Amino acid sequence: MQDIHVDLVRRYGRAIAHMRQLSQRRHLGLALGAGISQSASLPNWNELIARLTHEIEARATVKGPDLGGETAPMQAQILQSRFRKFVESGTAFPAVAVNNRDRVIATEWRKLLRDSLYHTIADPDAVVNGHPYFKELAALAFNVPVVITYNFDDFLERALVQSSRRPHGTIGYYSAWGPHFVVQQDRPVVYHPNGYIPFQAIDRYSEEVILTEEALSNQIIDAARGSFALLVNYFGTSPCLFIGFSLTDPGMRSVLRQATRASPGTIHYYIRYCSSSAPPLAEREEASQANFDLFNMVTLYLNGNEIKALLELLSMDDEDTLNDVFVRAGVSQRYFYYIAGVVSVGKTSVISRLQGLEIVDEWLRPRDPLIAKPSDQLGTSERKRVDEWILEQVRLKNGRFARAGVGLHVMDRAPLDAFAFTPPDKYRDKAESIFETAYAGNSGSPQSLQKGHLVVLKGDPRVLQTRQIWRGRGGDDDYLEVQQNALVEVYADDNGGKATFIETAGQDVESVTKQVLRAIHRDSYEEFDFDKRLTSFLSTVPS
């Protein structure tokens, strides 16, 4: 691997580790915009309109009013109307059955679009072979279930056919369009929401192409009405990598916004293409924040060579080489997050909304019924039983993190939460119990607690008490307030490091989820040292 790969990991290591984790599980999605096709010598929207104008004027030998003042979709709408009149004026058209005339016009319009789209392309396979990163893009596509491309062309399909990773016995893809698609088992679905125009006229193509004002407006309306529910659901449940977009397409923005509102815990990665140098830091930060607020997107600023390098990192099979890149960059491949908070503050509800992360649940075994009983109401034997059961869970969950692979990992509850249920004069005793049980301290080889970024949720004790009552559990608001204050004191101490505190009072679960998502994907990754914090309790002089 070259220095460009090392530099890329140094800048975006957490994002790359997460996308790598997602692709290995076939949970990563790909979304491709016009920038992909433009880099393959295909026209952008304005250039396509200009070519259509030239072709229509050449065929109809009539030049209409200048369309320069109109938007591109409106220009396409007017051009389609002119072309319709041209076809209808043909000498053979009156012989066409009335019920087939619209079909004939639509077919001729698609032929014109195809001729204009591929006007400069003589050998599409040669173009694909010469593209900066189609080969790497195809390699990654075989690790994802769906590739959503807003382009009309079939260049990605051709790259998939040519790929050495194409499964035996298949062409390597399934092209789809319209509001519905079905995920395939052995090949990616290449989904064209704006329509599909393959280079070869005999290949399957879409009945509609979203180019005109009418078609674009209908698509936006249909999306708002839920006709593209499958696409909205896909963006809502599948973290995606967006390449070649400017984020100006109103149809796509509508779908993305719906997905974000419905699924606030799903992150996406957006490549902002930089032809030369990246924008100034302040500009990058503003744009990145806006993209995150609107679409749950983490923005990566990359040039063409860096896009290729990123795709290579995400698709490579050689784990040793990948690991070496991270080592040379001085960046970890694993990121651990702990979500802590008192009972009923919403930890599990938030975690259940986070998509694409490895989750370690609150408990790994069926819970002991005594867990639901307030700690200040437990008898001596009951307290001992509960403590041993909980600390065993801490040990098991810590083992999950210790064995974790590349990517982002989230744990429900943090290792030292037990102090929130313990009187201050018993902290040292509890610390010794944690060391003996959670660390397996008596084994002779005690296991350290895995460091990670700690997120602590805080709430209004009165609201928490109401939730407890609804769940049939005990504990008054004073008890919950004392417990919460103790938890904050445990994790706010500088002995362990910095924690992120999120106030949930007055916020719905979606808003809290968004803040947790920001802590995981956008805020700096700072680890809390649980071993160091426990040591401070062990050194406490008994009162």
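The values are calculated or read from the model by the stated rules, or taken from the named source; none is laboratory data. The structure displayed is predicted, hence computed values, not measured ones. Quick reminder, even Gly has a Cβ in these numbers, built from the backbone with ideal geometry, and neighbours come from all protein chains shown.
Numerical summary
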{"quantity": "Count of residues meeting criterion [touching a residue at least 12 places away in the same chain (Cβ under 8 Å) and among the polar types (S, T, N, Q)] in segment 176-193", "calculated": "1"}
{"quantity": "Residue within segment 422-439 that is at pLDDT below 90 and touching a helix residue (DSSP H, G or I) at 6+ places or on another chain (Cβ under 6 Å) present", "calculated": "yes"}
{"quantity": "Filter result for the condition that a residue is within 24 Å of residue 20 (Cβ to Cβ), in the same structural domain as residue 261 (by TED's automatic domain parsing) and without any contact (Cβ under 8 Å) to a residue 60 or more places away in the chain, over 196, 133, 173, 234", "calculated": "173"}
{"quantity": "Residue that is nearest to the chain's Cα centre (by Cα), among those in segment 235-250 that are within 30 Å of residue 214 (Cβ to Cβ) and buried (at least 23 other Cβ atoms within 10 Å of the Cβ)", "calculated": "240"}
{"quantity": "Residue that is farthest from residue 151 (Cα to Cα), among those in segment 279-291 that are surrounded by 15 or more Cβ atoms within 10 Å (Cβ to Cβ) and touching a Phe, Trp or Tyr at 6+ places or on another chain (Cβ under 8 Å)", "calculated": "284"}
{"quantity": "Criterion violated by residue 481 - all others in (1) out of contact with any helix residue (DSSP H, G or I) (no Cβ under 6 Å at 6 or more places or on another chain); (2) more than 30 Å from residue 259 (Cβ to Cβ); (3) without any contact (Cβ under 8 Å) to a residue 60 or more places away in the chain; (4) part of a helix (DSSP H, G or I) satisfied", "calculated": "(1)"}
{"quantity": "Single match in 386, 455, 463 (criterion: at pLDDT 95 or above and among the hydrophobic types (A, V, I, L, M, F, W, C))", "calculated": "455"}
{"quantity": "Pair list, Cβ < 6 Å and 6+ apart or interchain, from segment 434-449 residues that are more than 12 Å from residue 392 (Cβ to Cβ) to residues that are among the aromatic types (Phe, Trp, Tyr) and part of a loop (DSSP other than H, G, I, E, B)", "calculated": "446/439; 447/439"}
{"quantity": "Whichever residue in segment 333-364 is aliphatic (A, V, I, L, M), modelled with pLDDT of 95 or more and not in a strand (DSSP E or B) and, among such residues, is surrounded by the most Cβ atoms within 10 Å (Cβ to Cβ)", "calculated": "350"}
{"quantity": "Scope segment 314-332; condition touching a Lys or Arg at 6+ places or on another chain (Cβ under 8 Å) and outside any helix (DSSP H, G or I); matching residues", "calculated": "330, 331"}
{"quantity": "Cβ-Cβ under 9 Å pairs, at least 6 apart or on other chains, segment 149-165 side without any contact (Cβ under 8 Å) to a residue 24 or more places away in the chain, far side part of a loop (DSSP other than H, G, I, E, B)", "calculated": "161/171; 161/172; 161/173"}
